[in-house]
Amino acid sequence: MAVEWKITIEGKNEFGDICRKEVRIHKRWERLFDGDLGLSIEDGKKIMESLQNAVVNHEAETYSLYRRVCPNCHTFRAVKDYTTRRIRTVFGTVKVRNPRWMMCSDCYPGMVGAFAPLKEICPDRATSELMELTAQLASVISYRQAANVLAKFLPVEPIETHATVRNRTIRVGERIDNHVANEEWLATRKMEE
């Protein structure tokens, strides 16, 4: 005998688009004899990974559509192509459709170029939350141990190595340094004025 849990996740954006995702978890009743009650860490990972997948894909599509509109003439920019981008999050890696829009030929005549809007909001192919969590862990334990902790509790792939943890920690540190330098520069400018 088994119980199947079905969790339905539904989201709706301001354009009225609805995103629906289902997650199914199968539980065998025999596991109760072993004291295995409730959801396991693996079940939780599966639920959160599915939820994250639905939310990230929906937000990425909405942002891409928003950026397709030229801010000057309010027309749709032409499509160069579509690729797939993998974005790492605290709840797993999500594959998203990654469009590239051409520069507006009416507003920028003679200029030929394209840009990927998802690169604007996720330049490291990892969410800022995962970057910060990785850096926080790496600041108190070794890079290798931080990678192991991330792999154990979060639905991340084993490719999250100590080198990845180190690189993310360095990038977060560089961003903090740049932010502090910018604040100091602005404070100096205000004092001069």
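The values are calculated or read from the model by the stated rules, or taken from the named source; none is laboratory data. Here the structure is a predicted model, which means the values were calculated and not measured. Positions of Cβ are generated from backbone atoms using ideal geometry, with glycine treated the same way; all protein chains shown enter the neighbour counts.
Need the failing condition index for Thr8 against (1) more than 26 Å from Met131 (Cα to Cα); (2) surrounded by 10 or more Cβ atoms within 10 Å (Cβ to Cβ); (3) polar (S, T, N, Q), just the number. Of (1) more than 26 Å from Met131 (Cα to Cα); (2) surrounded by 10 or more Cβ atoms within 10 Å (Cβ to Cβ); (3) polar (S, T, N, Q), only one is false for Thr8: (2). With respect to Phe115, is the statement that it is touching a residue at least 60 places away in the same chain (Cβ under 8 Å) and within 27 Å of His58 (Cα to Cα) true? Taking the combined requirement at face value, the residue does not satisfy it.
Considered as a group, the residues in region 130-157 that are out of contact with any helix residue (DSSP H, G or I) (no Cβ under 6 Å at 6 or more places or on another chain) and part of a loop (DSSP other than H, G, I, E, B) include one that is nearest to Ile41 (Cα to Cα), and that residue is Leu154. If you check Glu42, Glu49, Glu59 for being acidic (Asp, Glu), without any contact (Cβ under 8 Å) to a residue 12 or more places away in the chain, within 29 Å of Ala147 (Cβ to Cβ) and surrounded by 15 or more Cβ atoms within 10 Å (Cβ to Cβ), only one passes: Glu59. Can you find a residue that is of a type in the set (S, T, N, Q) and either touching a helix residue (DSSP H, G or I) at 6+ places or on another chain (Cβ under 6 Å) or assigned to a strand (DSSP E or B) (or both) anywhere in region 119-129? Scanning region 119-129 turns up no residue that is of a type in the set (S, T, N, Q) and either touching a helix residue (DSSP H, G or I) at 6+ places or on another chain (Cβ under 6 Å) or assigned to a strand (DSSP E or B) (or both). For region 126-162, a residue qualifies if it is at pLDDT 85 or above, exposed (fewer than 14 other Cβ atoms within 10 Å of the Cβ) and among the acidic types (Asp, Glu), and exactly one does: Glu129. Restricted to region 67-79, and to residues there that are without any contact (Cβ under 8 Å) to a residue 12 or more places away in the chain and of a type outside the set (A, V, I, L, M), the residue that is surrounded by the most Cβ atoms within 10 Å (Cβ to Cβ) is Phe76.
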